[in-house]
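As structure tokens, the structure follows; a few thoughts come after it.
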Amino acid sequence: MAQNHEDAAVELHEEFRERVPNKHHDAAGGYTQDADAVSYEKKDDLETGIPTPDGDEPTAHERGTLRRLTERFTYYGAQGLFQNYISHSKNGADGAKGLGMGHQAATGLNLFFQWFCYVTPILGAIISDQYLGKYKTILIFCAVYWVGLLILWITSLPSARDTAGLPGYVVAIIIIGLGTGGIKSNIAPLVADQYQRRRMAIRTEATGERVIIDPAITYQRIYMVFYWCINIGALSLMATPFMELYAGGFWTAFLMCFCMFNVGIIVLVSRRKSYIVRPPQGSIITDAFKAIGMMIAGRSTDAPKNAWRAAHGKSPVHWDDHFVDELKRALRACKVFMFYPIFWVCYGQFSSNFVTQAEQMQGHGMPNDFMQNFDPLSILIFTPILDRLVYPVLRKMGIELRPIARITIGFWFAALCLAYAAIVQHLIYNAGPCYSFPGDKDHCAAANGPGGKTLPNNVHIAVQVPAYVFIGLAEIFISVTGLEYAYTKAPPSMKSFVQSIFLFTNAFGSAISEGLVPVSKNPKFVWMYSGVAVSSALAGCACYMLFRHYDAQEEDMYDLDRNEPQLQIGNEAEGLQAAKEKRVDGQ
């Protein structure tokens, strides 16, 4: 069996780089000259593929990812059809009968839905961190989500669609947005909470190899697995477009999503006693905003600390200095997130304008909204390649892709995606029969096909696949890292809230995309895609230039969590009492 040596240094990276002869870090960060301390040969371990993720993390996070998988199956399966559901004509000339509102209205409503889904996580985070905790909050918002799905399905039935379809859709997306937002801000932190190691350790494998267990890299793997599972759920789009087209219309696809969501609720409830649940801590978010206000008023990030306040004649506060240091770290993460809206503009294209682009090409029996599946497929293929092959090889070469570097790479892949989309759109505009107005019967009589069907331009739909591959790669680097960064840089009692701030950047991206709706039409798509591509490339460069020094400070930022108490399954009450005692001690 693998043997853990808990006397290993907390900062093994720093120790190996700056080792002083006969001195070794102990687990508390000091020095020892003990014979049992870390020996010199372990530097060779690091240079040949160490540090490594922990292989013994609890499996409760797998149940959390299963719940997220079913929710994402529901979300993507339904949301991926919204563009067609809103835009398709009521008489079925475009395929399955829809609401007949056209492409621009569909894009606008779709972007509103995306925007709303990423505003509501803040509400879920406040309820979780201050009042109910993550698990109970998720249950409540699952119930809200359930009601929205039921309304969406009922109003999409053929007997109700023409009269109740549009108002039902609007009400449904608002309720679904509220439900999914409350789940989003809590499910990812709940999954990561299941892993409780805070300190590095040495482990001897069965082969005799000694490896360094690094919690930072373990969290990176947990979030990659989490995101991988999300995209298994996203493969619902392999079924729902065909159900829309060949199995009776949109209502059948929405019904399947509703049923799958019920499976997720059953999983969540049936395994409720197996989760590690971090207790809520009362006014913690209020305290955070008070502390930030003190930083602004005092023009110092140390202004909320009692030592600073005593020196400047200010009244003392009830929190300790550790809380302020954690808050400063979280604010650093929020600074990094300010570039994320540009990425979300790129990302938002694949479920809106890319669907329209696919409809302008020869599908050869392939539904235009089916193409979205190449995004999750690329994630499912490349995530294990990066996690199990590329990253370990780079570590053996002494190259560690830390968060800011990964985020920068993600921006560049997103730029590549939109640049390629512009090229595809250029090909469409240079092909007949309708050139710059594909499928537009008002500008091109050749778009009128037999039986009232709309004819696209003569470009094969398969040329769009690389765009989805590029955006999938971008997600692995930037979206996964964002989730990880939000969790690892947040104070333990504010994990959901900082996660919601990260998710809120998506709402900003959707708002920017709303501003692009007037140019999201023929013949302007080429310039719109090109402009977004350039913006993403520049955002990546700016992010790296401004924040690359954060990568060098990763170990110092992780130090703040080394002495956090480890939670146990089912100890919410005890944890809450301990949290209260800690806050009292700080007064």
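The values are calculated or read from the model by the stated rules, or taken from the named source; none is laboratory data. Computed from a predicted model, the values in this text were never measured in an experiment. FYI the Cβ positions are ideal-geometry reconstructions off the backbone, even for glycines, and counts take in every protein chain you see.
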Q: State whether the residues of segment 300-323 include one that is crowded, with 22+ Cβ neighbours inside 10 Å and in a helix (DSSP H, G or I).
A: yes
Q: Look at segment 160-195 and say how many of its residues are farther than 14 Å from Ser496 by Cα, small (Gly, Ala, Ser) and in contact (Cβ under 8 Å) with a residue 24 or more places away in the chain.
A: 4
Q) Taking segment 156-202 only, how many residues are of a type in the set (D, E, K, R) and either in a helix (DSSP H, G or I) or on the phi > 0 side of the Ramachandran plot (or both)? A) 4
Q: For segment 367-405, name all the residues that are touching an Asp or Glu at 6+ places or on another chain (Cβ under 8 Å) and assigned to a helix (DSSP H, G or I).
A: Asn368, Asp369, Asp375, Ile379, Leu394, Lys396, Pro403, Ile404, Ala405
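Okay, residues lined up against (1) surrounded by 23 or more Cβ atoms within 10 Å (Cβ to Cβ); (2) among the polar types (S, T, N, Q); (3) without any contact (Cβ under 8 Å) to a residue 12 or more places away in the chain:
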| position | (1), (2), (3) |
| --- | --- |
| Arg197 | no, no, no |
| Ala206 | no, no, no |
| Ile213 | yes, no, no |
| Thr218 | no, yes, no |
| Ile230 | yes, no, no |
| Leu237 | yes, no, no |
**Q.** Residues (of a type outside the set (A, V, I, L, M, F, W, C) and without any contact (Cβ under 8 Å) to a residue 40 or more places away in the chain) located in segment 444-481
**A.** Asn448, Gly449, Pro450, Gly451
(Q) Among the residues of segment 226-257, what is the count of those that are farther than 30 Å from Thr481 by Cβ and assigned to a helix (DSSP H, G or I)? (A) 13
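Mind listing just one residue for me: the one in segment 233-251 that is among the aliphatic types (A, V, I, L, M) and either outside the structural domain of Leu157 (by TED's automatic domain parsing) or closer than 14 Å to Asn84 by Cα (or both) and, of those, farthest from the chain's Cα centre (by Cα)?
Step by step, filter segment 233-251, then rank; the result is Leu245.
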Q. Among (1) aliphatic (A, V, I, L, M); (2) touching a Pro at 6+ places or on another chain (Cβ under 9 Å); (3) under 22 Å from Leu123 (Cα atoms), which single condition is Ile285 missing?
A. (2)
Q | Positions within segment 269-293 being polar (S, T, N, Q) and surrounded by fewer than 21 Cβ atoms within 10 Å (Cβ to Cβ), in sequence order | A | Ser270, Ser274, Ser283, Thr286
Q: Run Gly365 past the list (1) under 25 Å from Lys441 (Cβ atoms); (2) in contact (Cβ under 8 Å) with a residue 40 or more places away in the chain and report the number of the one that doesn't hold.
A: (2)
Q | Filter result (surrounded by 12 or more Cβ atoms within 10 Å (Cβ to Cβ) and over 27 Å from Ala419 (Cβ atoms)) within segment 445-463 | A | Ala446, Ala447, Asn448, Gly449, Gly452, Lys453, Thr454, Leu455
Q: Identify the residue in segment 315-370 that is over 25 Å from the mean Cα position of the chain (by Cα) and of a type in the set (Asp, Glu) and, among all such residues, is nearest to Gly531 (Cα to Cα).
A: Glu359
Q) Which pairs do you get when a residue that is surrounded by fewer than 18 Cβ atoms within 10 Å (Cβ to Cβ), found in segment 535-553, comes within reach of a residue that is not in a helix (DSSP H, G or I), reach meaning Cβ atoms under 8 angstrom, with the pair 6+ apart or on two chains? A) Ala542/Phe339; Asp551/Arg402
Q: Could you tell me which of the residues Ile230, Ile222, Ile202 is in contact with a Lys or Arg (Cβ under 7 Å, 6 or more places away or on another chain) and either within 23 Å of Ser378 (Cβ to Cβ) or not assigned by TED's automatic domain parsing to the domain that holds Gln79 (or both)?
A: Ile230
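So, Met338, is that one within 30 Å of Gln104 (Cβ to Cβ), surrounded by 21 or more Cβ atoms within 10 Å (Cβ to Cβ) and of a type outside the set (Lys, Arg) or not?
So Met338 fails the test.
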